[in-house]
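S.K.: Quick one: the structure is below, and I'll ask about it shortly.
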Amino acid sequence: MRAVIALAALLGSVLLSLCLVWLSAEGSARGWEKDARATTDGTPRVMRSLRSPSAPSQSPTNRTTPNQFGIQKSEQPLKCKEMWNNNWSSSIKKKRYSEDYYLQIVGKLQNCTWKRRPQEYARFRSELAACCDATHNFITSQNNTPLGSNMSYEVDNKKTIHITEEIFRMLPESQPLDYPFKHCAVVGNGGILRNSSCGAEIDKSDFVFRCNLPPTTGDVSQDVGNKTNLVTVNPSIIAQKYNKLNEKTANFLENIETYGEAFLLLPAFSFRSNTAASFKVHRTLKEFGAKQKAIFFYPRYLKNLAQFWRTKGVKAYRLSSGFMITSAAVELCENVKLYGFWPFSKTAAGTPISHHYYDNQLPKPGFHAMPKEYNQILQLHGRGILKLQFGQCLAN
């Protein structure tokens with residue numbers, strides 16, 4: 001009888017333990033489901049990890065005062081490592097995100113020490129080269145554009161242009177850029193450059209890319225630098241600012257003097273409407289013996305590049321000039337640093353800024369996919385492939 005009682009007591013204890021274990025597991029599972037719902041509702045995985053990175057609990061003795069973004073100094077390396085090692089998803093399912101959403105991410109990235117990752121860089125550079133091959137196809141040349149051929153336009157791809165002897169002579173024999181470059185600066189025109197004191201750092205670069213004939217002299221030079229090796233030229237600038245070089249040729253030549261012996265890069269073969277203005281720039285420089293040289297984007301390169309980024313979620317009518325140049329720089333340069341890439345109306349601290357460092361003219365709505373492009377740039381920064389300058393440059 002005693003044995004039966006003992007056995008019953010033992011079984012009751014085991015069942016009670018099993019029930020407690022099951023209840024504990026159920027509670028944990030429900031808690032996990034609740035946390036998962038809280039972190040996944042309407043938020044892409046890549047942005048979730050940046051916005052709410054998990055961190056191991058800190059003992060009371062290791063706690064420090066949070067910085068302006070709420071990151072404990074002792075937690076920072078772990079949080080940054082999690083951001084860097086994230087499986088950066090290339091697609092954002094939602095079409096729009098607020099400025100505050102992105103600025104929160106940028107704020108956290110600013111607190112992390114950037115580190116170049118040669119393996120990531122080599123892998124991505126190889127991927128770009130296999131698709132687009134900037135080393136041979138970035139610029140339209142006699143090597144990639146045979147005399148007498150019919151070349152398709154980049155965007156107006158159903159239209160072609162016959163490569164006559166006159167056009168053929170405009171083209172360099174081969175790629176004119178003496179790559180690879182050690183250190184490259186790609187300078188955007190964002191208002192974030194104002195009062196950045198980045199000019200001296202930019203000018204120390206081996207090769208400096210700029211976009212759309214921006215000002216580099218006067219008060220802005222201390223922030224944006226003077227050195228220019230290549231600057232893109234939107235034909236609309238030639239049409240609107242210089243009246244298609246019909247009357248304001250002297251003004252145009254005077255303004256581009258500030259770029260020294262830079263290449264002026266034009267999208268002559270993107271739209272048929274761009275061709276005449278681009279050719280006019282080439283002829284004008286040659287006629288007046290200017291130090292600058294006009295060169296043209298290779299349309300097949302831009303077409304392949306657009307397809308490359310489309311597979312990564314950047315779907316736009318056309319990529320921005322800055323994004324095109326950044327992509328080429330990764331192939332042509334060993335180290336790439338971006339300045340003035342800031343598609344926001346305020347700083348990370350909330351201070352209002354102009355769209356450009358020289359004016360507040362907004363881009364044409366729907367033409368470029370700026371949020372998608374900037375997301376990709378943030379990913380490249382996080383993976384150690386290039387470095388994005390977020391704010392002021394430190395004095396040397």
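S.K.: Which condition breaks for Ala262 when tested against (1) buried (at least 21 other Cβ atoms within 10 Å of the Cβ); (2) within 21 Å of Gly289 (Cα to Cα); (3) in contact with a strand residue (DSSP E or B) (Cβ under 9 Å, 6 or more places away or on another chain)?
M.R.: (1)
S.K.: Quick check on this structure: which one of Lys346, Lys315 is modelled with pLDDT under 95, of a type outside the set (Val, Ile, Thr), surrounded by fewer than 21 Cβ atoms within 10 Å (Cβ to Cβ) and in contact with a strand residue (DSSP E or B) (Cβ under 7 Å, 6 or more places away or on another chain)?
M.R.: Lys346
S.K.: Are any of the residues in the range 127-144 in contact (Cβ under 8 Å) with a residue 40 or more places away in the chain, exposed (fewer than 15 other Cβ atoms within 10 Å of the Cβ), within 18 Å of the chain's Cα centre (by Cα) and not in a helix (DSSP H, G or I)?
M.R.: No; the residues of the range 127-144 include none that is in contact (Cβ under 8 Å) with a residue 40 or more places away in the chain, exposed (fewer than 15 other Cβ atoms within 10 Å of the Cβ), within 18 Å of the chain's Cα centre (by Cα) and not in a helix (DSSP H, G or I).
S.K.: Could I ask something else about it? Where in the range 154-273 are there strands (runs of 3 or more DSSP E), lying fully within it, with 3 or more residues that are over 19 Å from the mean Cα position of the chain (by Cα)? Can you show your working first?
M.R.: Details: elements: 160-162, 181-187, 207-210, 230-232, 263-266.
Ranges flagged: 160-162, 263-266.
S.K.: Oh, and also: Looking only at the range 104-119, count every residue that is assigned to a helix (DSSP H, G or I) and over 17 Å from Asn375 (Cβ atoms) and tell me the total.
M.R.: 2
S.K.: Of everything in the range 153-166 that's crowded, with 16+ Cβ neighbours inside 10 Å and in contact (Cβ under 8 Å) with a residue 60 or more places away in the chain, which residue is farthest from Trp309 (Cα to Cα)?
M.R.: The qualifying residue farthest from Trp309 (Cα to Cα) is Ile161.
S.K.: Give me the residue from the range 225-241 that is of a type in the set (S, T, N, Q), surrounded by 13 or more Cβ atoms within 10 Å (Cβ to Cβ) and out of contact with any Lys or Arg (no Cβ under 9 Å at 6 or more places or on another chain) and, out of that set, nearest to Leu285 (Cα to Cα).
M.R.: Filtering the range 225-241 for residues that are of a type in the set (S, T, N, Q), surrounded by 13 or more Cβ atoms within 10 Å (Cβ to Cβ) and out of contact with any Lys or Arg (no Cβ under 9 Å at 6 or more places or on another chain), the one nearest to Leu285 (Cα to Cα) comes out as Asn234.
S.K.: Restricting attention to the range 279-288, does a residue exist that is touching a His at 6+ places or on another chain (Cβ under 6 Å), under 29 Å from Leu128 (Cβ atoms) and either part of a loop (DSSP other than H, G, I, E, B) or not aliphatic (A, V, I, L, M) (or both)? Working first, answer last.
M.R.: Of all residues in the range 279-288, those touching a His at 6+ places or on another chain (Cβ under 6 Å) come to none.
Checking the range 279-288: not a single residue is touching a His at 6+ places or on another chain (Cβ under 6 Å), under 29 Å from Leu128 (Cβ atoms) and either part of a loop (DSSP other than H, G, I, E, B) or not aliphatic (A, V, I, L, M) (or both).
Listed here are the residues, each with its yes/no results for (1) in contact with a helix residue (DSSP H, G or I) (Cβ under 6 Å, 6 or more places away or on another chain); (2) surrounded by 20 or more Cβ atoms within 10 Å (Cβ to Cβ).
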{"site": "Leu193", "(1), (2)": "yes, yes"}
{"site": "Ser196", "(1), (2)": "yes, yes"}
{"site": "Ser205", "(1), (2)": "no, yes"}
{"site": "Thr217", "(1), (2)": "yes, no"}
{"site": "Asp223", "(1), (2)": "yes, yes"}
{"site": "Asn243", "(1), (2)": "no, no"}
{"site": "Ala250", "(1), (2)": "no, no"}
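S.K.: Shifting gears a bit: Within the range 265-275, restricting attention to residues that are among the polar types (S, T, N, Q) and without any contact (Cβ under 8 Å) to a residue 40 or more places away in the chain, which residue is surrounded by the fewest Cβ atoms within 10 Å (Cβ to Cβ)?
M.R.: Ser273
S.K.: Is it the case that some residue within the range 96-116 is at pLDDT 85 or above, touching a helix residue (DSSP H, G or I) at 6+ places or on another chain (Cβ under 6 Å) and basic (Lys, Arg)?
M.R.: No, the range 96-116 contains no residue that is at pLDDT 85 or above, touching a helix residue (DSSP H, G or I) at 6+ places or on another chain (Cβ under 6 Å) and basic (Lys, Arg).
S.K.: Return the pair list, or none, for Cβ contacts closer than 8 Å from residues in the range 224-238 that are at pLDDT 95 or above to residues that are surrounded by fewer than 23 Cβ atoms within 10 Å (Cβ to Cβ) and among the charged types (D, E, K, R), at least 6 apart or on different chains.
M.R.: Listed by first residue and then by second, the contacts come to Gly225/Glu201; Gly225/Asp203; Asn226/Asp203; Lys227/Asp203; Ile238/Lys244; Ile238/Lys280.
S.K.: So which residues in the range 378-396 are surrounded by 20 or more Cβ atoms within 10 Å (Cβ to Cβ) and either at pLDDT below 95 or not in a loop (DSSP other than H, G, I, E, B) (or both), if there are any at all?
M.R.: Leu378, Leu380, His381, Gly382, Leu388
S.K.: Out of the residues in the range 292-312 that are over 20 Å from Arg210 (Cβ atoms) and touching a strand residue (DSSP E or B) at 6+ places or on another chain (Cβ under 9 Å), which is surrounded by the most Cβ atoms within 10 Å (Cβ to Cβ)? Break it down into steps so the answer makes sense when it comes.
M.R.: Step one: of the range 292-312, the residues over 20 Å from Arg210 (Cβ atoms) are 299-300, 303-304, 306-312.
From what's left, touching a strand residue (DSSP E or B) at 6+ places or on another chain (Cβ under 9 Å): 299-300, 303.
Working: Pro299: 24, Arg300: 18, Lys303: 17.
Of everything passing the filter in the range 292-312, Pro299 is surrounded by the most Cβ atoms within 10 Å (Cβ to Cβ).
S.K.: Conditions first: (1) under 23 Å from Gly384 (Cβ atoms); (2) touching a Cys at 6+ places or on another chain (Cβ under 6 Å). Lys312 passes all but one, so which condition is the exception?
M.R.: (2)
The values are calculated or read from the model by the stated rules, or taken from the named source; none is laboratory data. Source: prediction; values computed, not measured. Note that we place each Cβ from the backbone using ideal geometry, even for glycine, and neighbour counts take in every protein chain shown.
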